[in-house]
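Here is the structure we will look at, set down as structure tokens.
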Ligand SMILES: *Cc1c(COP(=O)(O)O)cnc(C)c1O
């Protein structure tokens with residue numbers, strides 16, 4: 001039995017390594033006092049865009065606001081249908097409702113839990129028979145694994161849909177050498193503390209290569225501001241990234257690639273140990289996940305989780321319910337087959353995953369998971 005508590009995500013270990021730089025950056029903000037849109041925000045946006053290989057990165061107040069802003073910037077609202085996977089954090093669908101559009105829940109792939117392009121096609125055809133306009137699809141990169149953007153993009157092109165990436169969990173992931181941030185027309189991400197790139201509060205960003213869209217996003221972020229002072233040209237929000245959060249994110253972004261490599265090593269170790277005893281994540285050819293979560297699938301989930309808890313190992317369930325099963329969204333559920341998503345929601349179990357886990361702890365977790373799964 002390991003004596004110290006095993007954290008699910010070890011933010012303290014990361015802070016210990018980066019603390020001097022983070023403190024110096026925070027002190028810098030306290031010295032200049034530009035708390036709103038300060039120089040750290042501008043510097044962070046430039047580095048973030050560079051990291052992703054995108055032309056523009058717009059820092060915003062949260063991942064949820066990033067999604068709302070992307071929809072607003074594309075002019076999506078009343079009368080529009082926006083396709084979302086049903087196996088996701090509810091914010092994906094919530095953002096659609098917030099702009100007055102209708103979320104259409106789409107089934108997911110069994111292997112990845114990500115939006116299934118064939119089901120998307122079927123849903124688009126059904127919407128074509130209704131009063132709604134099929135306008136956009138929000139693809140979610142579940143657990144850090146990019147969605148099938150090639151498959152989704154082909155359906156989107158046939159039907160004239162805008163593709164928005166909900167990359168809240170996948171910043172630092174890659175598809176064939178291209179990083180998240182360039183895989184869709186608009187990419188939204190979150191800096192919630194436990195995400196792969198997290199700040200010390202709420203924050204997010206929208207990335208795009210489209211100059212016009214970036215300008216609209218920057219305007220929406222400050223109440224729809226126009227070029228001239230005291231001029232408001234569109235409906236907007238107060239949705240800025242705080243200067244202090246940008247200051248905290250700068251040293252964290254500098255180590256993100258290294259952290260992703262370490263997460264990848266831990267994931268590879270887990271997979272080597274577990275693959276003959278349980279269902280493990282499937283990563284398609286050419287993809288590198290951000291490994292926000294390492295998720296196994298087990299039949300007796302509650303008993304496995306209880307067994308691990310007894311051994312001092314925390315687990316989490318993302319997500320125990322699909323969005324179409326949530327009380328706030330149930331009434332919007334289409335009469336469709338979501339059996340794959342529902343099957344996943346009953347079996348997925350996330351185990352500790354972060355870049356600062358020592359070899360001894362990783363070994364202990366591997367042994368405990370194998371033992372517990374065998375015993376239940
Ligand atoms: C975390 C998350 C969000 C919301 O991000 P916030 O910064 O918490 O608003 C949206 N979508 C997904 C898939 C998420 O995991």
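None of the figures in this text is laboratory data; all of them are computed from the coordinates on show. Just so it is clear, the model here is predicted, and its values are computed rather than measured.
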Correct semi-axes for region 256-375, from √(5λ) of the alpha-carbon gyration tensor and rounded to whole Å with the largest first, are 27, 19, 13
Looking at the chain, what % of its DSSP beta bridges pair antiparallel, to the nearest 5? 60 percent
Top of 78, 218, 25 by mean-square fluctuation, Gaussian network on the chain, Cα under 10 Å: 78
Checked region 132-286 against the a/c 1.5 cut and the a/b vs b/c comparison, axes a ≥ b ≥ c from its Cα gyration tensor; verdict oblate
Say we join alpha carbon atoms closer than 10 Å with springs in a Gaussian network model of the chain; which of 60, 96, 282 then has the biggest fluctuation? 282
Inter-centroid distance (Cα atoms) of region 319-376 relative to region 179-215, Å: 25 Å
Computed over the Cα atoms of region 48-125, the Rg and Dmax in Å are 14.0, 38
Relative counts (whole %) of C-alpha pair distances in region 1-105, using bins that are 5 Å wide: 2, 10, 12, 13, 14, 15, 12, 11, 7, 3, 1, 0
Based solely on its DSSP helices, what 222 nm [θ] is calculated for the chain when runs of n ≥ 4 H residues each add -39,500 (n - 2.57) and the sum is averaged over all residues, nearest 500 deg cm²/dmol? -13000 deg cm²/dmol
From the Cα gyration tensor of region 168-241, with a ≥ b ≥ c the square roots of its eigenvalues, which class applies: rounded if a/c is under 1.5, or else prolate if a/b is larger than b/c, or else oblate? oblate
Which residue fluctuates the most in the chain, going by a Gaussian network model with Cα springs under 10 Å, if the choices are 264, 125, 174? 125
Name the shape class, rounded, prolate or oblate, that the alpha-carbon gyration tensor gives for the chain, where a ≥ b ≥ c are the square roots of its eigenvalues, rounded holds for a/c under 1.5, and otherwise prolate holds if a/b is larger than b/c and oblate otherwise. oblate
Find the centroid of the Cα atoms in region 292-306 and in region 14-35, then give the distance between the two in whole Å. 38 Å
